[in-house]
1. Go through the residues of the stretch A:125-132 one by one and say whether even a single one is open to solvent by 40 Å² or more (accessible area, probe 1.4 Å), within 12 Å of chain B (Cβ to nearest Cβ) and modelled with pLDDT of 85 or more.
2. On the given criteria, is A:Ala141 within 14 Å of chain B (Cβ to nearest Cβ) and either surrounded by fewer than 16 Cβ atoms within 10 Å (Cβ to Cβ) or within 18 Å of A:Ala194 (Cα to Cα) (or both)?
3. Where in the stretch B:40-113 are there strands (runs of 3 or more DSSP E), lying wholly inside it, with at least 1 residues that are touching a residue at least 12 places away in the same chain (Cβ under 8 Å), more than 14 Å from chain A (Cβ to nearest Cβ) and not aliphatic (A, V, I, L, M)?
4. Looking only at the stretch A:54-88, which residues are over 33 Å from the mean Cα position of the chain (by Cα) and at pLDDT 85 or above?
5. So which residues in the stretch B:30-51 are buried (at least 17 other Cβ atoms within 10 Å of the Cβ) and in contact with a helix residue (DSSP H, G or I) (Cβ under 6 Å, 6 or more places away or on another chain), if there are any at all?
6. Tell me which residues, restricted to the stretch B:4-26, are assigned to a helix (DSSP H, G or I) and either closer than 30 Å to B:Glu111 by Cβ or in contact with a strand residue (DSSP E or B) (Cβ under 6 Å, 6 or more places away or on another chain) (or both).
7. State all residues of the stretch A:1-51 that are acidic (Asp, Glu), over 25 Å from the mean Cα position of the chain (by Cα) and at pLDDT 85 or above; if no residue qualifies, say none.
8. So A:Val225 ticks every box in (1) closer than 22 Å to B:Arg47 by Cβ; (2) in contact with a helix residue (DSSP H, G or I) (Cβ under 7 Å, 6 or more places away or on another chain) but one. Which box is left unticked?
Amino acid sequence: MGSAEKSVEATVNAVARDSYGRLLSYLAARCGDVELAEDSLGDAFLAALRTWPSRGVPERPEAWLLAAARNRLNDDARRIRVRQEHAERLAHAARDAAAIAETGEGFPDERLKLLFLCADPAIDPDIHTPLMLQVVLRIDAARIARAFLIKPAAMGQRLVRAKTKIRDAGVPFEVPALNELAPRLEAVMEAIYAAYSSGWEDAPGTDPGQARLTEEALWLARVLVELMPDEPEPRGLFALLLHCEARRSARRSSEGRYVPIAEQDPALWSVDLMREAERHLRAASAQQRLGRFQLEAAIQSVHAERARTGRIDRRAIALLYEGLVRTAPTLGALVGRAAATAEVDGPEAGLAMLEEIRGHPMEEHQPYWAVRAHLLAQAGRAGEARDAFARAIDLTDDDAVRVFLIERSEAVETDQR
Amino acid sequence: MKYSILIYQPDAYFNAAPDDELWGAWRAYHKSLSDAGVYLDSGALKRPATATTVRVQGERRLVQDGPFAETKEQLAGFIVVETPSLKEALDWAARCPAAQYGAVEVRPVQEIEQFVPVFSS
């Protein structure tokens, strides 16, 4: 590959990173078919890779891509004769795309609509969040399958089935009326949080695809707050993400080593982001309707306090986790509570809580094994600790975290000799 | 009397488009229904996976992905005919192509005067 091709490829990747979600939402909204919108946009990006090296990168790459996607939509509109109504919609979508390419006007950002579409009650609720992650945030199905602890093939099938239903049943593409927003909000927030966490795993920010995810998640959370300013939970979610974002540069040492939150240097935390987080959390709690994301944000808020007070209020954290488990007993919350309780009452108390967890797929859950390993090591149960560390290391994708766990595991072994 | 001929078929028949022979059989069946002057109305349904089921409990609307009942053979469409008696309706049902690969149910249509006429004949 020549250097010209390489630089064009970099440009195409950058456009994909910045605009894919917006382009896809725009196309899907108009043709009513998520899968076809994905295919046509994929074709458009391929065409860009083919033609831009010789003809140069167009002045408005997004408009060019929409025009290219239009060709595919037109082809399909001609081919699908059986479904007349469908063909008309495709032709309409193609016309709209062409208009944008010609007039040079910007196109509306409809990512939020696409998120809410994925959470329509006519679609299997278990697939709402994975669908959003794959369709809107472009996280690949295998990775989503891992996060949701199901087999990749099964996840792939269910995603396809949901997209087929959207097309064939005519699921509407719109932000639902206010009274219908609430039931879908949960899945939308869960997807935004999962996207942020997924991007978050790449702490050094070396992977532009991952940086895109955290940015996109922050943007979506902000838009959600603007859409529903009187709903406390979106503000809670936004505050949570802002608190995490504030610590981005403190999460790795200058040598790239993983630094757990309690050992981070608070001077490296962003004061501006923490302030903004606190502002949203206050506005949320004024509504007096506590929820999962407000509690999660409050936990991060207690950690942030260390920047001011120099100490961690561990009892407050344990209490907030208790509230979190009562509101939303997810596996993550249960494991977090065990860790928080151990900080106050000792490792055996935390281990007892881990033992009590039932009905969750712990086998593949990295935090479960990491927390278990640390607590066993603290409790002096070296053999069991080593086994748990081995399991946690096995389940860790992040290199820095893996090194951290390996070192802790080795420290257990040396203590015993 | 008016009868509904309800067509049930196995999943495989929803997923594949009918071949030319089957299409031909359906077209011929519809033609003979109208030639005989018994045809009133009909409708074909998409796959059961495209179904959405709604229930209302008090103020709450419960919407569920999927058909009302998960059975091996699913409702695929209906034809409404007008015949002198059940005997003729059953004869027509037996000629329905779906009777060969699925099941066809015949039910008299309940006529309710207060309603706007559903089938104006």
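The values are calculated or read from the model by the stated rules, or taken from the named source; none is laboratory data. Because the structure is a prediction, the values reported are computed rather than measured. Here the Cβ positions follow ideal geometry from the backbone for every residue, glycine too, while neighbour counts run over all protein chains shown. Accessible surface is based on the protein model in full, side chains and every heavy atom, while ligands, DNA and RNA are left aside. Shrake-Rupley method; radii C 1.70, N 1.55, O 1.52, S 1.80 Å.
1. Yes, the conditions are met somewhere in the stretch A:125-132.
2. No: the conditions fail for A:Ala141.
3. Of the strands (runs of 3 or more DSSP E) lying wholly inside the stretch B:40-113, those with at least 1 residues that are touching a residue at least 12 places away in the same chain (Cβ under 8 Å), more than 14 Å from chain A (Cβ to nearest Cβ) and not aliphatic (A, V, I, L, M) span B:73-82, B:103-108.
4. Scanning the stretch A:54-88 gives A:Ser54, A:Arg55, A:Gly56.
5. Selection gives B:Tyr39, B:Arg47, B:Thr50.
6. Passing the criteria: only B:Trp26.
7. The one that is acidic (Asp, Glu), over 25 Å from the mean Cα position of the chain (by Cα) and at pLDDT 85 or above: A:Asp43.
8. Every listed condition holds for A:Val225 apart from (1).
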